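One structure is given below, encoded as C-alpha cells.
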Amino acid sequence: MPTYYPSVQVKSNIDYNKLKYEMYIFNPITNHKIYVKIENEKKPYSLNKNYQTPSFQISVKNIDVVKDYVIIFKLYYVDKNQKNILVINDYLLSDGLDFFNVNGKRSRDVVKYLTTENELKVIKSSQNNDVELIIKNSRVFIDTKNPPFTPNDPFSVERMQASLKSRLIEPNPDQASSMLCGPAAFFFCLLNSNRSKYLKCAKELWEVGYTEINDLKIDVRKSPARFPKNYTDVNNMPKVPPIDWVTLASLRDSENFILDYDSPDKESSAVTPPHELKAWFVKAGFKFIKQIGGIDKVGLTRDEIFELNQYAGPNHYIVCLVSSRVLVGSDSPLLKNHWIVWTDKLRGKYDNMEITKDGARNPTVSLRLFSWGRNALQVKPTYSLESFRFTHYVAYIFSRNL
C-alpha cells in the first residue's frame, strides 16, 4: 500500500503560537476525505516553531486514484480570549498528495498570511497563489440520482472546486470508461497549453452551460448532458470524473446534431470523427501544421512514422487516430477506435534512442503518450516498429502555443 507524507508550510508575520490549522485530503471524484489527526490534541492544531505542520502519514489502497487527491488547509488566528478565528478557509494546495511520496518533502506551495494583529485579514475563498479558483453557487449540471444538497451530489461546489484544482495539479483529463477519447485529447492539449483558458471553460460550463474558446463555441444550455443518465454506479461513484463530464461531455454533445450524448454508457454519440476533432483545435486557436495519413489508411508507412517523429517533442502536439490494440491492457481488434496524443518521440525500447530512418530495421519501440487519463509509456512492450505503424491511421500536428 503506497504511503505519502503531506505537510504544509505557512509564511506569516504573526507569531506562530497564535496560529493554528486543520487540514484534510480530499478526492473529489470518490468524495473521500481523510482528516489528519494528532494524538492527544484537539483541533485546530498548533503549528511547529518553523511555521510548518508535521508530515502526516497517509496510506492509499489504490495507487491509480492518488493523483486525484488534493490537500485542503484551514488557518486560524488565536485571539487574546483564546478564541480561534478562521482567517484562511479551504486553501487548496498546488501540490497534490502524490507529490509527498518521501517523508520530509517540503511543499512547493507556501500558504501566505501577512497582516497585522490590529487589522486581521480574513480570507474566505478557495484560492492558490497564482490561479483564481472561485466558482459561483449557480450551476446547470445535475445528477438526478444524487441531486443538489444530497451527500453524494457529484456536481457540488466543493467537489467541482477540488476537481478543478486536481486537474491543474495533474493535467490529464480522464474519460474513464466512456468513449470520450476525442474530447479528452482536445482538453489535454488545451489544459497543458493554456490552463487559464481551460479554467475559464470549465467554470463557465458548470455555471451556465456555455463557453467560448476563441472561435470554438460549446453550448449545452439545452443539452441533456446537463442531466446525465446512469452517471453513477451502484456505489454512487461517478463513471466519469465530474470535472471531465462537464468539459468532455459538453464538447461532445454540443457538436452532436442527431444523437444525444447524455450517459457515459452511450457509445455511438460519443464518437469523434477526424474532421471534427481537427476543427475543434483550429477553432480554439491551435495552429494546424500538417496532416499525415488518412481515415482510409490501413496503417502509416515507415516514412510517415519517421516524419511524425521529427515533429514530436516540446513544440508540437501529435494527435492520432489509432487502434487501441497498441496500448497496454487492451485486447481490442485492429479497429480505428481511439484518439491519443504523442507527448514525446517514438524511441527504441532498449536504448531509449529516437527512432529514425537510419536506425535499426524493425526495433521494439516505446512511446510516452496521453490516453485514458494518463501521460505515460503505454505502448505494449512487445511491439515492433512494424506492428506499431499498422495501429496508426490519421495524425494531426498542431503547434503547442495557444
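The values are calculated or read from the model by the stated rules, or taken from the named source; none is laboratory data. Treat the numbers as computed from the prediction; the structure is a model and nothing was measured. Cβ coordinates were reconstructed from backbone atoms using ideal geometry, including for glycine residues, and neighbour counts include every protein chain displayed.
In this structure, is Phe398 under 29 Å from Ile213 (Cβ atoms) and either over 21 Å from the mean Cα position of the chain (by Cα) or crowded, with 20+ Cβ neighbours inside 10 Å (or both)? Before you say what the answer is, go through the steps one by one.
Numbers: under 29 Å from Ile213 (Cβ atoms): yes; either over 21 Å from the mean Cα position of the chain (by Cα) or crowded, with 20+ Cβ neighbours inside 10 Å (or both): yes.
Taking the combined requirement at face value, the residue satisfies it.
Please state which one of Thr247, Thr232 is closer than 21 Å to Lys33 by Cα and polar (S, T, N, Q).
Working: Thr247 fails: closer than 21 Å to Lys33 by Cα.
After applying the criteria, what remains is Thr232.
Scanning segment 332-368 for residues that are among the small types (Gly, Ala, Ser) and within 19 Å of Thr301 (Cα to Cα), which turns out surrounded by the most Cβ atoms within 10 Å (Cβ to Cβ)? It would help to see each step written out before you state the result.
First, pick out the residues of segment 332-368 that are among the small types (Gly, Ala, Ser): 332, 348, 359-360, 366.
Narrowing the set further to residues that are within 19 Å of Thr301 (Cα to Cα) leaves 348, 359-360, 366.
Working: Gly348: 17, Gly359: 14, Ala360: 14, Ser366: 21.
That would be Ser366.
Could you check how many residues of segment 229-256 are within 17 Å of Glu158 (Cα to Cα), buried (at least 24 other Cβ atoms within 10 Å of the Cβ) and over 16 Å from the mean Cα position of the chain (by Cα)?
Of the residues in that region, 0 qualify.
Out of curiosity, is Asn13 out of contact with any strand residue (DSSP E or B) (no Cβ under 7 Å at 6 or more places or on another chain), at pLDDT below 90 and of a type outside the set (Lys, Arg)?
Working: out of contact with any strand residue (DSSP E or B) (no Cβ under 7 Å at 6 or more places or on another chain): yes; at pLDDT below 90: no; of a type outside the set (Lys, Arg): yes.
The answer is no for Asn13.
Being in the same structural domain as Asp215 (by TED's automatic domain parsing) and at pLDDT below 95 is the filter here; which residues of segment 272-310 pass it?
Residues satisfying the conditions do not exist here.
Could we say that Asp79 is in the same structural domain as Met23 (by TED's automatic domain parsing), acidic (Asp, Glu) and surrounded by 17 or more Cβ atoms within 10 Å (Cβ to Cβ) here?
Numbers: in the same structural domain as Met23 (by TED's automatic domain parsing): yes; acidic (Asp, Glu): yes; surrounded by 17 or more Cβ atoms within 10 Å (Cβ to Cβ): no.
So Asp79 fails the test.
Looking only at segment 383-401, filter to residues that are part of a strand (DSSP E or B) and touching a Cys at 6+ places or on another chain (Cβ under 9 Å); which one of those is nearest to Phe286 (Cα to Cα)?
Phe398
Condition check: touching a residue at least 12 places away in the same chain (Cβ under 8 Å), part of a strand (DSSP E or B) and farther than 30 Å from Ala279 by Cα. Does Val319 satisfy that? First the steps, then the outcome.
On the way: touching a residue at least 12 places away in the same chain (Cβ under 8 Å): yes; part of a strand (DSSP E or B): yes; farther than 30 Å from Ala279 by Cα: no.
No: the conditions fail for Val319.
Quick one: in segment 54-65, of everything that is assigned to a helix (DSSP H, G or I) and farther than 11 Å from Ser166 by Cβ, which residue is modelled with the highest pLDDT? Write out each step before concluding.
Keep residues of segment 54-65 that are assigned to a helix (DSSP H, G or I), which gives 63-65.
From what's left, farther than 11 Å from Ser166 by Cβ: 63-64.
Values: Ile63: 81, Asp64: 78.
Looking at residues that are assigned to a helix (DSSP H, G or I) and farther than 11 Å from Ser166 by Cβ, I get Ile63.
Quick one: Leu327 ticks every box in (1) aliphatic (A, V, I, L, M); (2) surrounded by 16 or more Cβ atoms within 10 Å (Cβ to Cβ); (3) over 22 Å from the mean Cα position of the chain (by Cα) bar one, so which box is it?
Evaluating Leu327 over (1) aliphatic (A, V, I, L, M); (2) surrounded by 16 or more Cβ atoms within 10 Å (Cβ to Cβ); (3) over 22 Å from the mean Cα position of the chain (by Cα) leaves (3) as the failure.
Would you check which residues across segment 221-279 are assigned to a loop (DSSP other than H, G, I, E, B), touching a residue at least 24 places away in the same chain (Cβ under 8 Å) and of a type in the set (S, T, N, Q) and list them?
Listed by number, the residues that qualify are Ser223, Asn230, Asn236, Ser263, Thr272.
I'd like the residue in segment 152-182 that is of a type outside the set (Gly, Ala, Ser) and more than 26 Å from Ser94 (Cα to Cα) and, out of all such residues, is surrounded by the most Cβ atoms within 10 Å (Cβ to Cβ). It would help to see each step written out before you state the result.
Restricting attention to segment 152-182, the residues satisfying the condition of being of a type outside the set (Gly, Ala, Ser) are 152-155, 157-161, 164-165, 167-175, 179-181.
Restricting the remaining residues to those that are more than 26 Å from Ser94 (Cα to Cα) gives 179-181.
On the way: Met179: 21, Leu180: 28, Cys181: 24.
Residue satisfying both the conditions and the ranking: Leu180.
Do we have Asp215 as in contact with a helix residue (DSSP H, G or I) (Cβ under 9 Å, 6 or more places away or on another chain) and either at pLDDT below 95 or under 24 Å from His338 (Cβ atoms) (or both) here?
Working: in contact with a helix residue (DSSP H, G or I) (Cβ under 9 Å, 6 or more places away or on another chain): yes; either at pLDDT below 95 or under 24 Å from His338 (Cβ atoms) (or both): no.
Against the criterion (in contact with a helix residue (DSSP H, G or I) (Cβ under 9 Å, 6 or more places away or on another chain) and either at pLDDT below 95 or under 24 Å from His338 (Cβ atoms) (or both)), Asp215 does not qualify.
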